[in-house]
Each structure stands twice: as structure tokens, then as C-alpha cells.
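Participant: After the C-alpha cells below, expect a handful of questions from me.
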Amino acid sequence: MIECRCLKIVKSQNQGGKTMIKITRLWKIYLTFTLVLLVSMTVAGFILEIQLKKQLKQYLADEAMVLGKLVADILPPTEDSLVLDPFCKKYGEIAGVRISIIKTEGKVIGESDRKSIRTDSHLKRPEIQDAVKNGMGTAIRFSDTLNIDMLYVASLLKEQHKIVRIAIPMKKIKEIENEVMILLALALYLTPFLAIVVSFFFAKSVSD
């Protein structure tokens with residue numbers, strides 16, 4: 001009887017020891033998978049954000065170039081601000097952008113938002129200089145008048161000695177970036193739960 005009880009105790013201890021080993025192994029597997037998933041998703045998230053921002057900027061620049069060409073095709077052949085300002089305002093409101101008509105020497109002769117435009121020469125603006133030299137110019141900078149970052153795309157009208165400049169608020173890109181970051185944060189939050197499932201099936205396959 002005593003020997004039987006001893007054998008049962010030994011078996012129970014062995015089983016308990018095996019159970020503890022399994023739990024410890026499962027815990028290590030879980031931590032490993034969690035760490036790997038967190039690091040992988042974080043790195044992937046940063047890469048995605050950089051690539052997305054780059055592609056969105058290029059997309060907006062391309063859209064602004066197309067819009068600039070469309071505006072150039074219907075631009076009234078005049079330098080009268082009383083004519084060009086309403087023209088810029090009309091099509092600027094339709095497209096949701098700012099439109100400026102600038103002479104090649106830098107003087108603004110048409111503006112969709114005349115109240116927010118500075119009256120000094122725009123010739124030294126990088127997008128204007130590039131447009132004069134190469135026919136097209138782009139730049140991203142902070143607008144002191146609007147207090148936001150803007151994407152500027154300028155197109156040269158060589159025959160009229162004018163430049164059509166389209167300005168798009170960068171907040172559109174920021175809004176999309178914020179949506180992506182929310183999805184990334186949600187994915188990171190769910191990572192530990194995903195690691196539990198992966199660890200369970202991995203541990204089961206190893207034990208089998």
C-alpha cells in the first residue's frame with residue numbers, strides 16, 4: 001500500500017513537472033511571437049507611412065499640374081486683376097484649391113484669395129524660379145498668411161509671360177496619415193491576441 005501511494009505521488013509530481021515545463025515553454029513562445037510581431041508591424045508601419053506620404057505628395061502634385069494646365073487653357077488673355085481675381089476665385093472654389101496668376105517677373109496679377117496674398121514679388125519663390133527656368137516648379141513650405149503647410153505647383157505660360165500657380169493645403173495628406181496611424185495602432189493593440197493564437201498552434205504542432 002505504501003509503495004503504491006509513493007508511486008502515485010511520484011507520478012503526480014512528474015506530471016506536475018511536465019505541466020510546468022509545457023506552460024513555461026508556451027509562455028516563452030508567446031513572448032517571442034509577441035516581440036517579433038510588434039517589431040515587424042512597427043517597422044512595417046513606419047515604412048508604410050513614409051511611402052504613403054511620398055506617394056500622396058506626388059499624387060497631389062500631379063493633380064495640381066493637370067489643374068494648372070486646365071486653368072491655363074481657359075485663362076483670360078489679360079493682366080487686369082479685376083478680371084483675373086474673380087476667375088481665380090471661381091475655379092479655386094470649384095477645385096478646393098488656391099489659384100494665383102503671376103507674371104514671370106514675380107508680380108501677382110490674379111489671386112483666388114486676395115486678402116491672404118502678400119503683395120511683394122514672388123520671383124524668389126522656389127516654385128516660381130523653377131517654372132521660369134524649366135516650365136514647371138513645385139515646393140512645399142509653411143504659409144505665413146494661412147499658418148499651414150502648402151504644396152505649391154507652378155506652370156509657365158510662355159506665350160503670355162504668366163505663371164499659373166496652384167496651392168493645395170498639406171492637411172489633406174495629414175488627415176490620411178492620421179487614419180493610417182489609427183489603423184496601425186489598432187493592429188499593434190491586437191498583436192498580443194494574435195500572438196496567443198499563433199503560439200498555441202505552434203506549441204501544439206511541436207508537442208505533436
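Participant: Considering only residues that are under 19 Å from residue 88 (Cα atoms), within 23 Å of the chain's Cα centre (by Cα) and of a type in the set (A, V, I, L, M, F, W, C), look in segment 117-157 and name the one that is surrounded by the most Cβ atoms within 10 Å (Cβ to Cβ).
Facilitator: 154
Participant: Okay, moving on. Is it true that some residue in segment 87-102 is more than 31 Å from the chain's Cα centre (by Cα) and modelled with pLDDT under 90?
Facilitator: Checked against the condition, which is being more than 31 Å from the chain's Cα centre (by Cα) and modelled with pLDDT under 90, segment 87-102 yields no hits at all.
Participant: Return the pairs, sorted by first residue and then second, in which the second residue is aromatic (Phe, Trp, Tyr), the first residue lies in segment 94-111 and is within 16 Å of residue 76 (Cα to Cα), the beta carbons are less than 9 Å apart, and the residues are 6+ apart or on different chains.
Facilitator: Hits for this filter: 99/87; 99/91; 100/152; 101/87; 110/87.
Participant: Let me ask something else. Every residue in segment 109-166 that is closer than 15 Å to residue 68 by Cβ, in a strand (DSSP E or B) and hydrophobic (A, V, I, L, M, F, W, C), please.
Facilitator: Those that are closer than 15 Å to residue 68 by Cβ, in a strand (DSSP E or B) and hydrophobic (A, V, I, L, M, F, W, C): 136, 139, 150, 151, 153, 154, 156, 157, 163, 164, 166.
Participant: For segment 72-83, check the following and say yes or no: at least one residue is crowded, with 16+ Cβ neighbours inside 10 Å and at pLDDT below 90.
Facilitator: Looking through segment 72-83, at least one residue is crowded, with 16+ Cβ neighbours inside 10 Å and at pLDDT below 90.
Participant: Just checking, which of 42, 24 is surrounded by 14 or more Cβ atoms within 10 Å (Cβ to Cβ), polar (S, T, N, Q) and either under 27 Å from the mean Cα position of the chain (by Cα) or over 30 Å from residue 180 (Cβ atoms) (or both)? Spell out how you get there, then give the answer.
Facilitator: Values: 24 fails: surrounded by 14 or more Cβ atoms within 10 Å (Cβ to Cβ).
The match here is 42.
Participant: Further, regarding this structure: (1) at pLDDT below 80; (2) among the small types (Gly, Ala, Ser); (3) loosely packed, with under 14 Cβ neighbours inside 10 Å: which one isn't true of residue 187, the others all being true?
Facilitator: Among (1) at pLDDT below 80; (2) among the small types (Gly, Ala, Ser); (3) loosely packed, with under 14 Cβ neighbours inside 10 Å, the lone unmet condition for residue 187 is (3).
Participant: Taking the stated definitions as given, is residue 86 outside any helix (DSSP H, G or I) and farther than 23 Å from residue 139 by Cα? Can you show your working first?
Facilitator: Values: outside any helix (DSSP H, G or I): no; farther than 23 Å from residue 139 by Cα: yes.
No: the conditions fail for residue 86.
The values are calculated or read from the model by the stated rules, or taken from the named source; none is laboratory data. Being a predicted model, the structure only gives us computed values, none of them experimental. A quick note on method: Cβ atoms are made from the backbone with ideal geometry, for glycine too, and the neighbour counts reach across all protein chains shown.
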